[in-house]
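Some notes on the structure that comes next.
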Amino acid sequence: MTEPSLLVAAIGRIFEDHYTSDRLQDAKRGAWSEPLWRTLEETGMTLLSVPEEHGGGGDFAEGIEALRLAGKYCAAVPFAETALLGAWALARSGMSIPSGPLAFAVAPQAGAVEVSQAGARWRVSGTLRDVAWARMASALVLVAPHAAGAAVLCIPRDRYEITAGENLAHEARDEVRVSAELDASSARAGNDVTVERAWQRGALTRAVLMCGALDRLLELTVSYTRQRSQFGRTLIQFQAVQQELARLAGEAAIAKAAALTAAAHIDDASAGLYVAAAKVKAGEAAYSGAGIAHQLHGAIGVTDEYVLHHSTLRLWSWRAEYGAEAHWSQKLGAQAVEAGASALWKRITEA
Amino acid sequence: MLFTSTDFVSLKLPPGIDTLRRELRAFLDEQRAAGRFHPHVGHGEFDPQFSEALGARGWIGMTWPRQYGGHERSYLERFVVTEELLAAAAPVAAHWFADRQTGPSLLRWGTEAQRLKFLPAIAAGRCYFAIGMSEPNSGSDLASVRTRATQTDGGWVLNGQKVWTSWAHKAHAMFVLCRTSPLGEKKHEGLSQLIVDLKSPGVKTRPIRFLNGDHHFNEVFFDDVFVPDDMVLGTIGQGWRQVTSELALERSGPERYMNTLPLYFAVIDALKSSADRMAAQLIGTLLARFVSIRTMSLAIANEFGREEVPDLATEAALVKDIGTHFEREITEAARALIACTPRLEGGTDIERYLAEATIFSPIGTIRGGTTQVLRSIVAKRLGAQQ
């Protein structure tokens, strides 16, 4: 993937076309971008990276790059949940993928659910919090603990109730209450989808989205500092400004390196190490990157009118989703200390 | 805007790399057990015997062609050797610059005779180079060097002074960046590189002692030193292009972020029974940073193996900036996590590493390009004019 594929270039243009102030303002009022979703569906992009036998197309690397662009252009659609999470869990479990946008949740992290099975009949009940795009989805894909490892359940929209909620960026993050019976076509257990892997995938999608948002912060900030003049010079001519721009570029670059590496290892034994590193780095970059971007924009950056905050609000929100830095760093650190330095060095170098 | 075409997704270490790692670890264990070296954090120890042992095993000049004593291995294999040596805090200073800078420069710009004269000896771990760049009034502003060479019968006469030259008192030869035509409007022009035998008449070195008294840096004086024509590196007048061409390799390697890792490892082992939640978070945060920096460094090393090597000098500047600050973050974390007093002698390993890392801490962000210069390079790429 040294050059973006035609497919990725096409999807990037679609996201960019829908990156307009009207759409961004709509999204702030809790709407999702239905026109964008329809365009993605018509062009077959919503199942990017899903195996062909399950109706998808494109490879995983293209799916990741498309997701990064979705993050860059604040796409108010469940692209991650559908293409990279829900459809992944269903396809890996040998289940069919329903049409329409999907929501995705992992228990117990998102809330306590009870899953029971009697022959071909399944029962699921419980309450989940902060489920992305639950109210817009045609179905919720839930990965939950089960005696055989984990169960993957596909719960149609008419079988769960929601209370609308949102994250800081006003993206739908709903409370979901479910108490439903499902037949064997909508539930499976004992495949290679585990709670841990589902959680890691979720974190990967947030790290990749954040890389896209950081790229946008850098573009906006470079462009603003080249236009804006004070004391008779453009801002970018001030060395103090240049040094901060370089730090911002550095944060965006290291977050990207970490996230793309995590994507490369998502199905192997080192996924735990690289996903944790990617989510921690993305979170740190969100903190310092958003700080620098706002500082260099001055007061205009904090207005409702200017576009910067659409990206920074998303960064701050995604930072907390699927485990913030504290979650992942503690996990990494506890494992490192438990294993000892020599085993840690082996773990890093054999990854 | 950086790493736009760098391959992270399909980057994998080549098959057989685990064997190489095992050989290295066995060698390092054996050397340590025999008391052949003691790990130190800092500038690295100058140990010709150790360098020769590495050379004998084929771990110097790894990527160079066989006809020059190299081993035609990949940049990723070289990366593995570098990081294992640094993780073990092995004494690699003697051959370091020759392996990292002199060799690649000779391969790219040197004559056949120069390559045959130096490369096999470097790869064997027996020939050491110093790099003469900075001068009393030319630090970050390297292009303003005043050391000058004037043409004479059969060669050049060199006059001037270099400073901060690591290990010049022990090296055999030195690359000297000097002016071969007068300083004009464009200061990047008129610079050349000469290969100077440090035993030549007229060369004098004097120690610049480090703040703890160690002799590592030198001043090197050239007083009418004759340098024959066949010791001109590359083309007269192209010195600036030549020295900047190797910067990506020089600034992105593990030596820019691994120097204090032995301290991190020692802290992890000391915490074993007493890591609370916050301690685990701090250890994990540093691990996340380390893994991410390593990923960038590895990706750059991987790009060196391509037919057409992309220009990654800006990305390398970034690795050095982030990496050298990371080295300090380890030192600071050690203080937060372990109650101990830094002690150069007579203490525990942690106390010694902490002392060495503390003393060493100011230099990483200065040598090889200061933080401020590196950030200017990145800003320039973003469209800033300086």
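Laboratory data are not the source of any read-out in this text; all were calculated from the coordinates shown. Keep in mind that this is a model prediction, so the values were computed, not measured. Virtual Cβ from ideal backbone geometry, glycine too; neighbours counted across all protein chains shown.
Some notes on this structure:
- Dipole axis of chain B (+1 Lys, Arg; -1 Asp, Glu on Cβ), positive-most option in B:Val9, B:Leu119, B:Ser292: B:Ser292
- Rg ratio (alpha-carbon, reference 2.2 N^0.38 Å) - the protein assembly as shown: 1.05
- Among B:Ala173, B:Ala123, B:Ala26, the residue with the largest mean-square fluctuation in a Gaussian network model of chain B, with springs joining Cα atoms closer than 10 Å, is B:Ala26.
- Remark: the B:Asp141-B:Ala56 segment gains 26.7 nm on full extension, using 0.36 nm per residue and subtracting the alpha carbon distance.
- Among the trypsin sites (Lys or Arg not before Pro) found in region B:193-275, those both in a DSSP coil and sparsely packed, with 16 or fewer other Cβ atoms within 10 Å of their Cβ, are B:Lys199, B:Lys272.
- Unsatisfied cross-links (Cα-Cα over 28 Å) in the set B:Lys186/B:Lys380; A:Lys281/B:Lys320; A:Lys256/B:Lys12; A:Lys72/A:Lys346; A:Lys346/B:Lys272: A:Lys72/A:Lys346
- In terms of its alpha-carbon gyration tensor, region A:6-189 comes out oblate; a/c meets the 1.5 threshold, while b/c is at least as large as a/b.
- Proximal lysines relative to B:Lys199, as straight alpha-carbon distance under 20 Å, when same-chain residues fewer than 8 apart are discounted: B:Lys117, B:Lys162, B:Lys170
- B:Gln385 paired with A:Asp17, simple spin-label distance in nm, labels 7 Å along Cα-to-beta-carbon: 3.7 nm
- Set of aspartates and glutamates near A:Lys279 by C-alpha distance (under 12 Å), chain-local residues within fewer than 8 positions excluded: A:Glu321, A:Glu325
- Cβ charges +1 (Lys, Arg) and -1 (Asp, Glu), total dipole of region B:17-127, debye: 260 debye
- Using a Förster distance of 41 Å, the FRET efficiency for A:Gln295-A:Asp26 (Cβ separation, nearest 0.05): 0.90
- Bridging of A:Lys331 to aspartates and glutamates at a Cα separation below 14 Å is possible for A:Glu196, B:Asp276, once same-chain residues fewer than 8 apart are set aside.
- Neighbour-count order for B:Met258, B:Met296, B:Met1, B:Met133, fewest beta carbons within 10 angstrom listed first: B:Met1, B:Met133, B:Met258, B:Met296
- Cα centroid separation - region A:1-59 against region B:286-362, whole Å: 39 Å
- Region A:195-350: relative contact order in percent, alpha carbon pairs under 8 Å with at least 6 residues between: 32 percent
- A Förster distance of 22 Å, applied to the separation of the beta-carbon atoms of A:Leu168 and A:Glu34, puts the FRET efficiency at 0.50.
- Dipole check for the protein assembly as shown: with +1 at the C-beta of Lys and Arg, -1 at the C-beta of Asp and Glu, and the Cα centre as origin, the magnitude is about 1080 Debye.
- Euclidean distance between Cα centres, region A:143-213 to region B:213-258, Å: 57 Å
- Taking every alpha-carbon pair under 8 Å whose residues sit at least 6 apart, chain B reaches a relative contact order of 16 percent.
- Dimensionless Rg/Rh of region A:103-219 - Kirkwood Rh, Rg from C-alpha atoms: 1.02
- Ranking A:Ala187, A:Thr163, A:Gln200 by Cα position along the charge dipole of region A:163-202, where only Lys, Arg, Asp and Glu carry charges on their C-beta atoms, puts A:Gln200 farthest toward the positive end.
- Peptide A:59-67 is shielded by partner chain Cβ atoms: per residue, an average of 1 of them sit within 10 Å of its Cβ.
- Normalised size of chain B, defined as Cα radius of gyration per 2.2 N^0.38 Å with N residues, equals 1.00.
- The dipole here belongs to region B:246-381: it is taken about the Cα centre, uses +1 on the Cβ of Lys and Arg and -1 on the Cβ of Asp and Glu, and is about 380 debye.
- Residue of B:Ala313, B:Ala34, B:Ala121 that the Gaussian network model of chain B assigns the largest fluctuation, springs spanning Cα pairs under 10 Å: B:Ala34
- For peptide B:5-15, the mean count of partner chain Cβ atoms within 10 Å of a residue's Cβ comes to 5.
- FRET efficiency, A:Ser5 to B:Glu307 (Cβ-Cβ, R0 22 Å, nearest 0.05): 0.55
- Average partner coverage of A:271-277, which counts Cβ from other chains inside 10 Å: 3
- Taking every DSSP bridge with both residues inside region B:188-279, close to 90 percent are antiparallel.
- Comparing B:Glu308, B:Glu83, B:Glu255 in a Gaussian network model of chain B, where Cα atoms under 10 Å apart are tied by springs, the biggest mean-square fluctuation is seen for B:Glu308.
- Taking Cα atoms only, the orientation of helix A:341-350 departs from the longest principal axis of chain A by about 90 degrees.
- Here, region B:246-381 is characterised by an Rg to Rh ratio of 1.04, where Rg is the alpha-carbon radius of gyration and Rh the Kirkwood radius.
- Ascending count of other beta-carbon atoms within 10 Å, so fewest first, for A:Arg347, B:Arg78, A:Arg38: A:Arg38, A:Arg347, B:Arg78
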